[in-house]
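Take a look at the structure below.
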Amino acid sequence: MTVDALAAILLIPAISAALLAILPGYKLTAKLNVVAALATFLTSLSLFVIEPTSGQYLLLDDLNKVFIVLTTFVGFTTSVFSASYIHHEIETGRLTPAFLRFYHAMYQMLMFAMNLALIANNIGLMWVAVEMATLTTVLMVGIYRTHEALEAAWKYFILGSVGIALALFGTILVYMAARPVVGEGMDGMVWTVLVKHAAQFDPALLNVAFVFLLLGYGTKVGLAPLHAWLPDAHAEGPTPISAVLSGLLLNVALYALLRFKMMLAVNSVAITPGPLMVTMGLISVIFAALMLYRRRDIKRMFAYSSIEHMGIIVFAFGMGGPLANFAGLLHMTMHSLTKSAIFFAVGHVAQVKGTQKIAEIGGLTATNPALGWGLMLGVIAIVGLPPLGIFMSEFLVVSSTFARAPWLTVFLVLGIIIALGGLFLRIGPVMFGEPKGKTAPAAASYVPMFTHLGLVLMAGIYLPPVLVTGFQNVAKLLG
Amino acid sequence: MSSLQFDIAHLFAGSLVLASFMMLYQDRLYALLNVYALHAGVLALSVAWQAYVQQAPHLYVTALIALVFKAIIIPVALHRIIKRLGIHREIENVIGVGLTMMAGIGLVALSMVVMLRVTPGADALAREDLAFALSVVLLGLLIMVTRRNAVSQVVGFMSLENGLVLAATGAKGMPLVVEISVAFSVLIAFIVIGIFLFRIRERFDSVDVQALDRFRGERR
């Protein structure tokens with residue numbers, strides 16, 4: 001068997017995880033981590049050129065192509081950021097070389113698990129991959145071994161496990177629904193087979209299954225009221241992990257949810273998942289927006305902002321239809337890029353100032369102009385001000401909703417505006433207030449951050465037609 | 001399938017729910033672990049019976065995992081951890097035993113109503129297995145939310161996971177059951193025993209989750 005690109009996307013992270021676990025010397029392994037992530041990204045790009053064949057276990061279609069490229073790209077840029085981040089952590093003694101070896105191996109394991117979840121053509125395999133991704137991130141969140149980190153990891157472990165347990169129950173129910181139609185054995189879990197025959201499945205069973213799947217994978221997406229693990233996990237883990245969590249892992253869980261939504265859409269008798277997703281999305285948006293006002297920890301604040309944006313994305317996909325799906329997809333991409341850029345900035349800010357407390361950080365634009373303005377640009381993007389990409393995607397979400405359910409837009413826009421107020425209120429003093437804390441220059445790598453922000457800015461001004469048609473195809477696929 | 005086969009399968013699945021109930025009112029950690037061992041033992045019997053009835057030899061592997069890993073290794077290991085940490089005291093419940101039992105009964109009734117109503121088409125064994133499995137899952141969740149102690153939360157999670165294995169084996173011919181049970185075992189072994197308890201011990205001298213709760217992420 002020749003190794004095609006799909007297998008390579010899995011093999012590269014898996015092999016490098018093993019290598020990174022063995023090799024000593026953090027400078028070397030940090031570089032190797034970057035190289036491995038770059039190789040995975042380049043391989044994922046090759047999917048556009050040479051189309052590998054989908055089999056019983058692995059699948060490639062327009063939908064997961066978008067997710068894979070986004071995941072491997074942010075995985076690569078985060079590894080670049082991570083290299084400069086951990087350098088500082090070693091110097092201050094927060095991490096020891098032994099822990100770093102573990103950290104790098106886990107980073108690649110996480111990439112492997114996320115890629116597997118995205119290209120699995122089997123709902124059982126997808127579940128195992130999501131579980132594995134959860135496991136690796138739990139271990140990484142607890143890596144500092146402080147009280148807060150342990151509490152966060154414990155909370156994340158318990159809630160994440162319950163979530164994936166519920167998702168497994170839903171998966172079993174899907175198999176039960178499929179068995180009378182497609183027969184026993186592997187076929188009952190193969191995604192492509194399921195979609196083809198979903199019209200004949202027992203609708204009542206599918207409904208119950210979807211509720212479990214929504215609760216289960218929804219926990220991992222961070223939808224309110226199942227979000228409790230998310231702020232802690234983001235705030236207490238190493239910042240590269242916060243970036244990957246917000247930018248990628250939430251998307252992977254969402255992807256799983258979308259797959260099952262597509263399956264239910266085929267069955268005309270089963271409930272339409274849309275209203276459920278719209279409701280949970282709106283609750284998340286408004287809840288997270290209100291929570292932004294009382295944040296004291298800068299990483300937690302952006303974690304709540306992630307909940308808000310995941311809410312918007314789930315809302316858009318819940319509305320469905322070509323335009324809303326397109327908007328949701330665009331928003332997801334923009335959010336991944338922007339939020340990870342913000343975490344890149346925040347990571348260096350926290351290192352320079354030696355604290356994550358908003359009250360103890362001040363006047364960043366004066367003390368560290370590049371970092372400060374980079375973060376400010378990120379915040380401007382994330383609250384949805386023009387001309388950046390998130391403005392465009394939010395505008396699309398709102399306008400497509402307005403045409404179909406005007407009163408829903410009231411809540412959505414309200415949530416977005418409340419969040420804007422909250423973020424600006426909190427970030428104002430950090431940016432332009434009296435300079436506080438240490439003012440040492442940051443030994444930061446600005447490239448990943450400004451690359452992301454540049455892409456977001458470009459998307460806000462001009463979307464390349466190739467991208468538009470690509471997204472339109474996916475939006476059609478999502479129904 | 002003969003009615004005797006069905007009855008035996010029914011008996012095992014029902015016993016599992018019963019064992020879940022027994023966990024609800026345990027107020028000592030050792031006792032809770034013993035009941036968990038019983039729970040896992042019943043699961044092993046149930047899975048082995050399913051393997052025999054469905055003539056699916058691979059399920060014997062799952063049964064063996066349940067017996068060796070969950071019914072023997074994990075309880076013994078947790079016993080030793082508890083002993084070493086010196087925490088063999090009473091478990092603090094968030095709410096009283098009576099209320100917990102009432103809630104448990106309610107959850108079982110709920111799962112019966114939900115599962116039996118939505119699966120009229122499925123064969124009787126799978127139906128009842130699913131209903132029982134959902135009960136065990138919900139009771140596991142209940143144990144997790146009513147306990148403050150980290151060890152008993154983990155035990156709750158493991159009983160929940162037993163319910164999932166019951167559901168997976170009840171669904172006839174479901175692929176990847178063995179893989180999934182292995183994945184779960186890895187999850188449990190990895191996190192629970194290896195890392196968390198030791199780290200929690202290292203830092204807090206306690207495995208009471210309430211001790212963790214003091215360290216809110218946002219205190220000034």
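Computed from the coordinates by the stated procedures, all read-outs in this text should not be read as laboratory data. If you're wondering where the values come from, they're calculated on a predicted model, not measured in any experiment. Note that each Cβ is placed from the backbone with ideal geometry, even for glycine, and that neighbours are counted across all protein chains shown.
List of remarks:
- Each residue in B:128, A:236, A:151 was given a count of other beta-carbon atoms within 10 angstrom of its own, and listing them fewest first yields B:128, A:151, A:236.
- For residue A:362, the residues whose amide H sits under 5 Å from its own are A:436, ignoring neighbours fewer than 5 places away on the same chain, with H placed 1.01 Å from N.
- Mean partner shielding of peptide A:181-190, defined as the number of other chain Cβ atoms within 10 Å of each residue Cβ, is 3.
- Pairs exceeding a 22 Å alpha-carbon distance, out of A:261/A:476; A:155/A:436; A:339/A:438; A:65/A:476: A:155/A:436; A:339/A:438.
- With Cα atoms defining each centre, region A:325-373 and region A:425-459 are spaced 6 Å apart in the structure.
- Dividing the summed helix terms, -39500 (n - 2.57) for each DSSP H run of n ≥ 4, by the number of residues in the protein assembly as shown produces a 222 nm estimate of -25500 deg cm²/dmol to the nearest 500.
- Rounded if a/c under 1.5, otherwise prolate or oblate - region B:1-116, Cα gyration tensor axes: oblate
- Computed from backbone phi with θ = phi - 60° and the Karplus coefficients 6.51, -1.76 and 1.60, the 3J(HN,Hα) list for region A:241-253 is 6, 4, 5, 6, 4, 5, x, 10, 5, 4, 5, 4, 5 Hz; x is used for glycine and proline.
- Between the helical axis of A:147-182 and the longest alpha-carbon principal axis of chain A there is an angle of about 10 degrees.
- Database remark: amide H of residue A:297 closer than 5 angstrom to the amide H of A:358 (H placed geometrically; neighbours at sequence offset of 5 or more, or on other chains; Pro and chain starts carry no H).
- Global geometry of region B:99-181, whether rounded, prolate or oblate, following the gyration tensor of its Cα atoms and the 1.5 cut on a/c: oblate
- Ranked by how many other Cβ atoms sit within 10 Å of their own Cβ, fewest first, the residues A:431, A:140, A:114 fall in the order A:431, A:140, A:114.
- Here A:229, A:373, A:407 are placed in order of increasing Cβ neighbour count within 10 Å, fewest first, which gives A:407, A:373, A:229.
- Positive-end extreme of charge dipole, chain A - chosen from A:455, A:416, A:283 (charges on Cβ): A:416
- Mean Cβ neighbour count within 10 Å, used as a protection proxy, ranking A:353-363, A:454-464, A:433-443, A:128-138 highest first: A:128-138, A:353-363, A:454-464, A:433-443
- Counting Cβ atoms of other protein chains within 10 Å of each residue's Cβ and taking the mean over peptide A:225-235 gives 1.
- Nearest-ten-degree value, helix A:97-119 long axis tilted from longest Cα axis of chain A: 30
- Karplus-derived 3J(HN,Hα), 6.51/-1.76/1.60, for each residue of region A:4-20, Hz, glycine and proline x: 8, 4, 4, 5, 5, 4, 8, 5, 4, x, 5, 5, 5, 4, 5, 4, 5
- Taking every residue in A:143-153 and counting other chain Cβ atoms within 10 Å of its Cβ, the average works out to 5.
- Applied to region A:45-55, the Karplus parametrisation 6.51 cos²θ - 1.76 cosθ + 1.60 on θ = phi - 60° returns per-residue 3J(HN,Hα) values of 5, 5, 4, 6, 8, 10, 8, x, 7, 7, x Hz, with x for Gly and Pro.
- At the listed q of 0.07, 0.10 Å⁻¹, the Debye profile of the protein assembly as shown, built from one uniform point per Cα, gives log10 I(q)/I(0) equal to -0.45, -0.96.
- Stretched out straight at 0.36 nm per residue, the stretch from residue A:46 to residue A:200 would grow longer than its current Cα-Cα span by 51.7 nm.
- Lysines whose Cα lies under 20 Å from that of residue B:70, excluding same-chain neighbours fewer than 8 positions away: B:83
- Over chain A, relative contact order from alpha-carbon pairs under 8 Å, at least 6 apart, %: 15
- On Cα atoms only, tilt of A:298-319 relative to the major axis of chain A in degrees: 20
- Shape of region A:1-52, Cα gyration tensor, a/c cut at 1.5: oblate
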